Amino acid sequence: MKLLLKGGRVIDPANQIDGIMDVLIAEGKIAAVGQSVEAGDAQVYDVSGKVVTPGWIDMHVHLREPGFEGKETIWTGTRAAAAGGVTAVASMPNTPPVADNQSVIRFIRDKAREAGWAKVYPIGAITKGSLGEELAEIGEMQAAGAVAISDDGKPVSNGQMMRLALEYAGMFDLPVISHAEDLKLANEGYMHEGYISTILGFRGIPSVAEEAMVARDLLLAAMTGSRLHIAHVSTAGAGEMIREAKKRGVKVTAEVTPHHLTLTDEAVQSFDTSTKVNPPLRTEEDRQALIKGLMDGTLDVIATDHAPHAREEKEMEFAYAPFGLVGLETLVPLVVDRVINAGHLTWSEAIAKVTCNPAGILGVPGGNLGVGKAADITVIDPEKTAVVRKESFYSMGKNTPFEGWELKGWPVMTVLDGRVVMQEGRLVE
């Protein structure tokens, strides 16, 4: 089957393309990108006025399966991805059982293949059971399809263990993804430590809890020469250390979430447990520093940290609710409306943060529209304005702090391996 997307603004940072062009898809691959492309037997979609990009890749997602199917499944999570214009996700390993061996990695890949809504790249655990005591079988997990290792949700508190992880992962050229948090300094807090936590009487997590661990891991990455990726950077200090480390040639990359780019700890005053995230929402000064880091290349990737929970888990007192929010179905409009339209990044710069950059870090296919590549495509209507309504989410998780936000710039088509899987916000069953 052939598809022809005609007349859209094609933005492909990997191939330095930004112009009004046609995209021809044949047998699930990109067949041609150019002006006045003709294919008489193709199904034609008029995408004039739309933006056509490589399929977006979210490299930090919690799909919850196996073990937490009451929160999300690979089926529902990948449907949420497709609905949100995301064609590939990297799944974090903090499931029960933990994805710390080849059998769990293969299970995730097989379930994703059966679902068929988005590509899933499993991330294996750094340590067995994510307990921080013994390295997981990193080589076996990579052979089974793991694209990185992380104990996300928990830090690797033992510095020697983190050193060994970096050294061992370096043998396989796998990135080690750091959940940077000193648990002793975090002191069981549940929001940013500062003025707002003081007036609310909430136990705070100081910025230094993140920054101390970022500093340690950057030193270890410099020592070992291995690839380090810092997840969900939230503080100005962490960003500055990453910036300086990059200047010194340390092999470090970093990501920031849409919620840390758009919200501050003032949002917690609503007592909405969807604003309870880890790392916590920080100050306006931190938010502005993260935007600066995004603009100057310190922060390479925008990733959601999509973390669905059952309603009853979040509908309780703030202190006792679990950390996390859902993000797959609001990623595109938040990036378009609050990053691009706000003037922080150009379209091409922003698209790189969600396509070729995460693909390069993880060493996975995708992220570009080169001829012969898989036809994974996101089509965005930059003029479409809509209000976020959590009850319309395909994700089982409804824990979003963006309910009721009016955003401009939404995905209107998702193409996966040449198949249209979402059109005008609805999945194509």
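The values are calculated or read from the model by the stated rules, or taken from the named source; none is laboratory data. The model shown is predicted, which means the values in this text are computed figures rather than measured ones. When we count neighbours, we look across all protein chains shown, and the Cβ atoms used for this are built from the backbone with ideal geometry, even at glycine.
Structure data summary
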| read-out | value |
| --- | --- |
| The stretch 215-244, subset under 24 Å from residue 339 (Cβ atoms) and of a type in the set (A, V, I, L, M, F, W, C), residue surrounded by the fewest Cβ atoms within 10 Å (Cβ to Cβ) | 236 |
| Test for residue 339: is it modelled with pLDDT of 95 or more, of a type in the set (A, V, I, L, M), farther than 23 Å from residue 147 by Cβ and surrounded by fewer than 22 Cβ atoms within 10 Å (Cβ to Cβ) | no |
| Residue in the stretch 401-420 that is acidic (Asp, Glu), over 25 Å from residue 71 (Cα atoms) and touching a residue at least 24 places away in the same chain (Cβ under 8 Å) present | yes |
| Top-ranked residue of the stretch 271-292 - restricted to ones that are in a helix (DSSP H, G or I) and in contact with a strand residue (DSSP E or B) (Cβ under 7 Å, 6 or more places away or on another chain), ranked as nearest to residue 255 (Cα to Cα) | 290 |
| Verdict on residue 346 being surrounded by fewer than 16 Cβ atoms within 10 Å (Cβ to Cβ), β-branched (Val, Ile, Thr) and in the same structural domain as residue 61 (by TED's automatic domain parsing) | yes |
| Matching strands (runs of 3 or more DSSP E) fully within the stretch 343-425 where at least 3 residues are of a type in the set (Val, Ile, Thr) and either touching a Leu at 6+ places or on another chain (Cβ under 9 Å) or closer than 21 Å to residue 115 by Cβ (or both) | 377-387 |
| Among (1) part of a loop (DSSP other than H, G, I, E, B); (2) farther than 19 Å from residue 335 by Cα; (3) not charged (D, E, K, R), the one test that residue 242 misses | (1) |
| Test result for residue 114, modelled with pLDDT under 95, outside any strand (DSSP E or B) and of a type in the set (Asp, Glu) | no |
| Residue within the stretch 160-171 that is in a loop (DSSP other than H, G, I, E, B) and either more than 29 Å from residue 325 (Cβ to Cβ) or of a type outside the set (D, E, K, R) (or both) present | no |
